[in-house]
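Below: one structure, written as structure tokens.
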Amino acid sequence: MNRHRYAELSALIAQRQPACGTTTVIALDGPSGAGKTSFAKELADVTGADLLHLDDIYPGWHGLEATPPLVRRVLDRIAADEIGEVHRWDWEADRPGATMHVPPAPLLILDGVGSGASTIRPYLSLLLWVEAPVEARRKRALARDGDVYAPFWEIWAEQETRHFAAEQTRIHADRIIDTGD
């Protein structure tokens, strides 16, 4: 995505009111490999936003549905002008790791599958859906995570399919961003 597009989104974000206490929360949701993390990093660079990567907190390869309530608890605390807390997931040990602290900030970007779930939406000022064709996504995800992700691609994809069917996240998005090659 070009710099003009980020500037356009930055202007849109500036028009939005905080819905999480004094924090404006932007969610970048969409299927694995769509380019959410790269997009989130660029958007954060342009806007000065803090980032919360859901990859840091998914409780394992079967943990997609458990994640939105974890994020909701973090946002509940931020909305009360307190520091949100959540355990990082230790992917190597396959168990909860150290506690992550997420303080209130002027702008927070949530990056990851499930960040636009219905339990989180009341705190969102903007929901962006990021998508790309399946083969492009798979190629990106496996290039990024290689052999670690390969055996779990189908397991994660099945969770995404169920999650997005139930949540209808794409329909609720304020903007759809296609990162297809």
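The values are calculated or read from the model by the stated rules, or taken from the named source; none is laboratory data. Here the structure is a predicted model, which means the values were calculated and not measured. All Cβ positions, glycine included, derive from the backbone under ideal geometry; neighbour counts span all protein chains shown. Accessible surface areas use protein heavy atoms only, side chains included; no ligands, DNA or RNA. Shrake-Rupley method; radii C 1.70, N 1.55, O 1.52, S 1.80 Å.
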* Structure fact -> Given 10 °C, 1.306 mPa s and a Kirkwood radius over Cα pairs, the Stokes-Einstein diffusion coefficient of the chain in µm²/s is 97 µm²/s
* Please list the radius of gyration and Dmax for segment 15-83, considering alpha-carbon atoms only, with Å as the unit. => 13.0, 37
* What relative contact order, as a whole-number percentage, does the chain give when Cα pairs under 8 Å and 6 or more residues apart are counted? -> 33 percent
* To do: Hand me the chymotrypsin sites (Phe, Trp or Tyr not before Pro) from segment 73-124 located in a DSSP loop with no more than 13 other Cβ atoms within 10 Å, in residue order please.
  => none
* Using only helices, what value at 222 nm comes out for the chain when you add -39,500 (n - 2.57) per DSSP H run of length 4 or more and divide by the total residues, to the nearest 500 deg cm²/dmol? -> -12500 deg cm²/dmol
* Accessible carbon and sulfur surface of segment 60-181 relative to its total accessible area, %, 1.4 Å -> 53 percent
* Asked: So for segment 38-137, what are the equivalent ellipsoid semi-axes in whole Å, largest first, each being the square root of 5 times an eigenvalue of the Cα gyration tensor?
  -> 20, 19, 13
* Give me the accessible area per residue for segment 24-175, probe 1.4 Å, as a whole number in Å². => 46 Å²
* Asked: Between the DSSP loop rule and a limit of at most 12 other Cβ atoms within 10 Å, which GluC sites (Glu not before Pro) in segment 84-136 are left?
  -> 92
* **Using θ = phi - 60° and Karplus 6.51 cos²θ - 1.76 cosθ + 1.60, couplings along segment 73-90 (whole Hz; Gly, Pro as x)** => 4, 4, 5, 4, 5, 4, 4, 8, 6, 10, 7, x, 10, 7, 7, 5, 9, 8
